[in-house]
Amino acid sequence: MRLNHCQRFGKRVKELRVEREITQEQLSERVGVFRTYMSRIETGVANPTLTVIHALADALEVSAAALLETPIRAKASAPTKEKVRSPSGGSRGRVK
């Protein structure tokens, strides 16, 4: 099974965060969202707004376009199971 857009985006965010050796907690503080929301972004459960995407890019010191690149692991990864999403599909994050 192929990764959906949110899962690919989340893998890319995690990849960049790990490269920079920062925790989810540290990144969430820089972005201005809850750590639990950051976890949902990285696992592909959340669908972040454009505002959050730009805040992530700033916090990771990359362009917003760089966040949309296919993560290295996703290019050669094994199929993953589809996660169940909330019926509302809404975002629960907040930006300061």
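Using a 10 Å cut-off on Cβ atoms, rank the peptides 36-45, 58-67, 13-22 from the highest mean neighbour count down. Kindly include the intermediate steps, with their values, before the conclusion.
Working: 36-45: 19.8, 58-67: 14.4, 13-22: 16.0.
Taking the mean over residues of other Cβ atoms within 10 Å, the ranking is 36-45, 13-22, 58-67.
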**Summed side-chain charge close to Leu60 - residues other than Leu60 whose Cβ falls under 14 Å, Lys, Arg +1, Asp, Glu -1** = -2
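Taking every eigenvalue of the Cα gyration tensor of the stretch 23-74, multiplying by 5 and rooting it, what semi-axes result, largest first, whole Å? Don't jump to the answer; show the numbers that get you there.
Numbers: eigenvalues 51, 36, 23 Å².
Whole-Å semi-axes of the equivalent ellipsoid: 16, 13, 11.
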**Message:** In whole Hz and in residue order, list the ³J(HN,Hα) couplings for the stretch 30-40 that follow from phi through the Karplus curve 6.51 cos²θ - 1.76 cosθ + 1.60, θ = phi - 60°; x for Gly and Pro.
**Reply:** 5, 7, x, 10, 5, 4, 5, 5, 4, 4, 5
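Rounding to the nearest 20 debye, state how big the charge dipole of the stretch 5-71 is about its Cα centre with +1 on each Lys and Arg Cβ and -1 on each Asp and Glu Cβ.
Values: 9 positive and 9 negative charges, 49 e Å.
The calculated dipole for the stretch 5-71 is roughly 240 debye.
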**Asked** In whole Hz, what ³J(HN,Hα) sequence does the stretch 61-68 give by Karplus (6.51, -1.76, 1.60; θ = phi - 60°), x for Gly and Pro?
**Response** 6, 9, 7, 4, 4, 5, 5, 8
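Only the coordinates and a few stated rules stand behind these numbers; no lab work does. Quantities reported herein were computed from a predicted structural model and do not represent experimental measurements. Cβ coordinates were reconstructed from backbone atoms using ideal geometry, including for glycine residues, and neighbour counts include every protein chain displayed.
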